[in-house]
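Accompanying notes for the structure given below.
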Amino acid sequence: MSHKYVYLFSEGNGKMRELLGGKGANLAEMTGLGMPVPQGFTISTEACTQYYTDGRQINADIQAQIYDHLAKMEEICGKKFGDPENPLLVSVRSGARASMPGMMDTILNLGLNDTVVKGLAAFTNNPRFAYDSYRRFIQMFSDVVMEQPKSEFEKIIDAKKAEKGVKLDTELDADDMMDLVCRFKTLYKQQKGEDFPTDPKVQLMEAVKAVFRSWDNPRANVYRRMNEIPYDWGTAVNVQSMVFGNSGNTSGTGVAFTRNPATGEKKLFGEYLINAQGEDVVAGIRTPQPIADLEKQMPEVYKQFASIANTLEQHYQDMQDMEFTIENGKLYMLQTRNGKRTAAAALKIAVDLVDEGMISEEEAVLRVDPKQLDALLHPQFDAAALKKAQAIGKGLAASPGAACGKVVFTAEDAKAWAANGEKVVLVRLETSPEDIEGMAAAEGILTVRGGMTSHAAVVARGMGTCCVSGCGEINVDYDAKLFTLAGRTIHEGDYISIDGSTGNIYGEAIPTVEASISGDFERFMKWADDARRLDVYTNADTPRDAAQAKKFGAEGIGLCRTEHMFFEGDRIKAVREMIVAKDLETRKKALAKLLPYQQGDFEALFRVMEEHPVVIRFLDPPLHEFLPTKEEDIKEIAGELDISVAELKEVISNLHEFNPMLGHRGCRLAVSYPEIAEMQTTAVITAAIHVMQEKNIQIRPEIMIPLVGEVKELQYVKKIVTTTADKLIADAGVTMKYEVGTMIEIPRAALMADEVAKEAEFFSFGTNDLTQMTFGFSRDDAGKFLDAYYEKKIFESDPFEHLDQKGVGRLVKLAAKLGRETRPDIHLGICGEHGGDPSSVEFCHNAGLDYVSCSPFRVPIARLAAAQAAIKDSRN
Ligand code: PEP
Ligand code: MG
């Protein structure tokens, strides 16, 4: 027997999601529960995969199975496809494993043609209904199957209504509907050059193909990428016999949730329309009535529906989103699924279900999507205002939240305008470390260049500031203080709004509302913490960020990027003096000026974090990043440094590198200038001793050497660290333990991890650089060409956002294994941006790391993701 590709609803069940898709599995389950479900069959996701394997064709075997099940369906329903006496009409709907907006949704009334419609009119004694159904079918089929724009058909309806002098579709009579059918068919022929297909079997096969095709449309691909849904899952197709909500005033159709999807309140929530079909509810042409009205209008139907809703919720132990139709006073269930909900509702429902004894705390932890927590921590757009707004462009959703403010083009302006009480959005080609203060002052940051690990993205996430990066369609003219996007010109001072959770850019002001955290949040996070094995640290460079992260539950600092402290106030001057120094003595003098600043910064960090671990990374970026680029700045800074413009220019040109990311940075700086490592060690250890004495607590600083590829590099720098530190500790007469470890961010370090571990007491995977260097993709430029990779299906997602578990992940696992062979108690963590990405956190759990470290606002997300990973792991 050939492989089975098609299943009657009565042959499946709710557990067959992978094969039947969510919709198909639930229709089968409801059938099994004896609920009133119009019967039909599901064409499996495997058939979809086969369709693509066969070069976008439904092969003869699958076609035969479809027709075979159609015959069985005819028998069950007692109606026949294409039979004018008693016609079977069907709906055709897509249904992937995870519900996926963006794909083809629904075709209703399939099976109608000029003969069948006459029979239907006679059979139901309702010609208006029959022709209304027919014109709807032509419209939907043309739109979704033949890709004819819906608007063309809407225009014809509008013209018809104008001719008749009426406003509502319901005011059109049977003759009008008949006339619409004619006009629609004429339009179809004009557009397609052929007649509208009359054979119901041809209509069916075309519709099934359209569903399969829609799996690969651009909208679906974008949605899949955002939600990490694999392409090879495919979609199922559901063919269900029609029931008619548009057959009179005792008929209708509606959608309802067992709880409120916005707030989580436990009360039936939804709406319905009398004498209508599904798309009328969505289209908004007529205003639906709240579900509560149904109780008055059709008490028996309401009672039955409420009882089914309750049964379904109990059965699935989750809030349900249901579609129903009433045909001549009889209720039918068309669909049920776990309802989509806001973050606030997700939390409330999870907690309520535990309190109602329906699910366990562990199960509740699995019910909230970690990414959703963002919405509880950041401001969001006012929902009503957002509905009316139209995006004018889209960049990468680099740091979540919503921002609305006046456009400024420099970090200085951002700071100055904000100081005057203005809300601003900073628009830059890209940002660099010197923009930090302006970035902190802005409501949001919008950049033309740069990916998910660009400076703007990383820093904005750290601050919890909304950021949209890499919107290449923007043309910025800094001199004229304006930018253009989608034909609009936006000047300095104009309002824009950006959404860091979707990447959308709006050329108007959209009010924002503050995030609200309810008491449920803490309770829920406690359950998550009880379940997880991974520790969650934060990447923080300032006491403010560290304190924020601690509030969000961070258990340590996994990465303090010391260079971020180099830009504030006067310190940048000392940094520049160090860079332009011609000899060791001058360099040491400049470093001596920096020392008290660094030490003060570290003391502040230790005070906030107290006995929690703090990992401090030594200077990492290439030195040219600290020097000016613009002519006027060069002049000014040469003056400040008391050297000639020519001298400064020479230093700058000497520091020029063709590939700075592969250049003189990381531990290579300490190899060239050991005095920098010496100064930084002094700052860390002295600060630790001070805070230890001041607070009478144990402090255990961890010093992290970046960008090591060869153990001897680490050995060399470590020697400087230990010599300096041991002397300081001995001189102070205290006992203090400290650790020296490294980042694993160069593939060679991962390959040689057994050797590296001889010197390193801990490894922290710097997966930003490790991804960059494993793929050989510049982390700042990859955004420019990755779209082509998605289109060609070479990549399904951005490897800088979601860890490439196969390739980069293999290096991580290898390094963890080799590291532990040398040093069984080696402490292993990750501090690349992936440390706050749920699927990457799950990988880290499974790879056996000890902790993940991420920006403060992602700490709750990582806690929840770590908990879910542990629960899933324990169930395997
Ligand atoms: C990394 O490379 O993953 C890392 C954390 O370091 P940075 O982003 O500062 O290069
Ligand atoms: Mg790095």
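The values are calculated or read from the model by the stated rules, or taken from the named source; none is laboratory data. Model, not experiment: these values are computed from the prediction. Note that we place each Cβ from the backbone using ideal geometry, even for glycine, and neighbour counts take in every protein chain shown. Side chains are part of the model used for accessible areas, which takes the heavy atoms of the whole protein and leaves out ligands, DNA and RNA. Shrake-Rupley method; radii C 1.70, N 1.55, O 1.52, S 1.80 Å.
How big is the Cα convex hull of the stretch 241-313 in projection, averaged over all directions, in nm²?
The number I arrive at for the stretch 241-313 is 5.4 nm².
At a probe radius of 1.4 Å, what is the per-residue accessible area of residue 51, in Å² to the nearest 10?
Using a 1.4 Å probe on the heavy atoms, I get roughly 10 Å².
Using the Karplus curve 6.51 cos²θ - 1.76 cosθ + 1.60 with θ = phi - 60°, work out ³J(HN,Hα) for each residue of the stretch 329-341 in order, rounded to whole Hz, and write x for Gly and Pro.
x, 10, 8, 10, 9, 9, 5, 9, 7, 5, x, 5, 8
Carbon and sulfur atoms: what percent of the 1.4 Å accessible area of the stretch 794-850 do they account for?
Carbon with sulfur: 49 percent of the solvent-accessible area.
Convex hull over the alpha-carbon atoms of the stretch 264-390: what's its volume per residue in Å³?
Value for the stretch 264-390: 135 Å³ per residue.
Rounded to the nearest whole Å², what accessible area per residue is found for the stretch 687-748 with the 1.4 Å probe?
44 Å²
Amide H of residue 393: which non-local residues (sequence gap of 5 or more, or other chain) have their own amide H closer than 5 Å, using H built in the peptide plane?
The list, which skips near neighbours in sequence, is 505.
Go through the stretch 297-302 residue by residue and turn each phi into a ³J(HN,Hα) via Karplus (6.51, -1.76, 1.60, θ = phi - 60°); whole Hz please, and just put x for glycine and proline.
Each residue's phi maps through the Karplus curve to give 6, 9, x, 5, 4, 4 Hz.
Determine Rg/Rh for the stretch 27-169; Rg is computed over alpha-carbon atoms and Rh is the Kirkwood hydrodynamic estimate from the same atoms.
For the stretch 27-169, the value is 1.01.
Need one number: convex hull volume per residue for the stretch 672-719, Cα atoms only, in Å³.
Spread over its residues, the Cα hull of the stretch 672-719 gives 74 Å³ apiece.
So, for the stretch 438-547, what is the accessible surface per residue at a probe of 1.4 Å, expressed in square angstrom?
38 Å²
How much accessible surface area, in Å² rounded to 10, belongs to the heavy atoms of residue 226 with a 1.4 Å probe?
Using a 1.4 Å probe on the heavy atoms, I get roughly 100 Å².
Give or take rounding to whole Å, what are the principal axis extents of the alpha carbon atoms in the stretch 542-635, in descending order?
46, 29, 20
Could you check the spin-label model distance between residue 610 and residue 751? Points 7 Å from the Cα along Cα→Cβ, value in nm.
Label at residue 610, label at residue 751, 4.6 nm between them.
At 7 Å along the Cα-to-beta-carbon direction for both residue 529 and residue 173, put a label point, then send me their distance in nm to one decimal.
Taking the simple label geometry, residue 529 and residue 173 are separated by 7.2 nm.
Only residues of the stretch 726-759 count here: report those whose backbone N is under 12 Å from the spot 7 Å along Cα→Cβ of residue 698, or say none.
Hits in the stretch 726-759 for residue 698 at 12 Å: 736-738.
Using only helices, what value at 222 nm comes out for the chain when you add -39,500 (n - 2.57) per DSSP H run of length 4 or more and divide by the total residues, to the nearest 500 deg cm²/dmol?
-14500 deg cm²/dmol
Jot down the per residue volume, in cubic angstrom and as a whole number, of the convex hull over the alpha-carbon atoms of the stretch 564-705.
Given the Cα convex hull of the stretch 564-705, per-residue volume reads 110 Å³.
Given the Cα-Cα distance of residue 63 and residue 192 and 0.36 nm per residue of separation, how much length would full extension add, in nm?
44.0 nm
Using the per-residue mean of other Cβ atoms lying within 10 Å as a proxy for protection, in what order, highest first, do the peptides 233-240, 543-550, 694-701 fall?
The densest-packed peptide leads the list: 233-240, 543-550, 694-701.
Rounded to a whole number of µm²/s, how large is the Stokes-Einstein D of the stretch 173-247 at 25 °C and 0.890 mPa s, given Rh as the Kirkwood radius over C-alpha pairs?
156 µm²/s
Summarise the accessible area of the stretch 241-281 (1.4 Å probe, protein heavy atoms) by the percent that is carbon and sulfur.
56 percent
Working with all protein chains in place, sort 215, 417 by solvent-accessible area computed with a 1.4 Å probe, largest first.
417, 215
Cα-Cα pairs above 12 Å in the stretch 148-207: how many percent?
Cα-Cα pairs in the stretch 148-207 separated by more than 12 Å: 71 percent.
Tell me the Kirkwood hydrodynamic radius of the chain in angstroms, computed as one over the mean inverse distance between distinct C-alpha pairs.
Value: 30.5 Å, from the Cα pair sum.
Counting only residues 5 or more places away or on other chains, whose amide H sits under 5 Å from the amide H of residue 37 once H atoms are built in the peptide plane?
333
Quick one: order 271, 313, 75 from most to least accessible surface, probe 1.4 Å.
Ranked from most to least accessible, the order is 75, 271, 313.
Using the Karplus curve 6.51 cos²θ - 1.76 cosθ + 1.60 with θ = phi - 60°, what ³J(HN,Hα) values do you get for each residue of the stretch 460-477, in whole Hz, with x for Gly and Pro?
4, 4, x, 7, x, 8, 5, 8, 10, 10, x, 8, x, 6, 7, 10, 9, 10
Express in Å², to the nearest 10, the accessible area of residue 396 obtained by rolling a 1.4 Å probe over the protein heavy atoms while all chains stay in place.
60 Å²
Hey, what's the stretch 793-876 come to in accessible area per residue, 1.4 Å probe, Å²?
In whole numbers, the stretch 793-876 has 35 Å² accessible per residue.
Let me know the Rg and Dmax you get for the stretch 375-528 when you use only its Cα atoms, in Å.
Expressed in Å, the Cα Rg and Dmax of the stretch 375-528 come to 15.2, 54.
Using modelled backbone amide H atoms (1.01 Å from N, in-plane), which distant-in-sequence or interchain residues come within less than 5 Å of residue 319's amide H?
When sequence neighbours closer than 5 places are left aside, the close amide H contacts are 339.
The stretch 754-876: Rg/Rh from Cα coordinates, Kirkwood Rh?
0.99
For the stretch 692-758, what number of Lys pairs, 8 or more residues apart or on separate chains, have alpha-carbon atoms under 26 Å from each other?
So the count of such lysine pairs works out to 14.
Please report, in whole Å, how far the alpha carbons of the stretch 494-537 spread along each principal axis, starting with the longest.
Extents along the principal axes: 48, 23, 15 Å.
At a 1.4 Å probe radius, carbon and sulfur cover how many percent of the accessible area of the stretch 46-162?
Exposed carbon and sulfur together represent 50 percent of the surface.
Please state, to two decimals, what the Cα-based radius of gyration of the stretch 109-223 comes to when divided by 2.2 N^0.38 Å (N = residues).
1.13
Find out how many positive minus negative residues lie around residue 21, taking Lys and Arg as positive, Asp and Glu as negative, among other residues whose Cβ is under 12 Å from that of residue 21.
Net of charged neighbours comes to +3.
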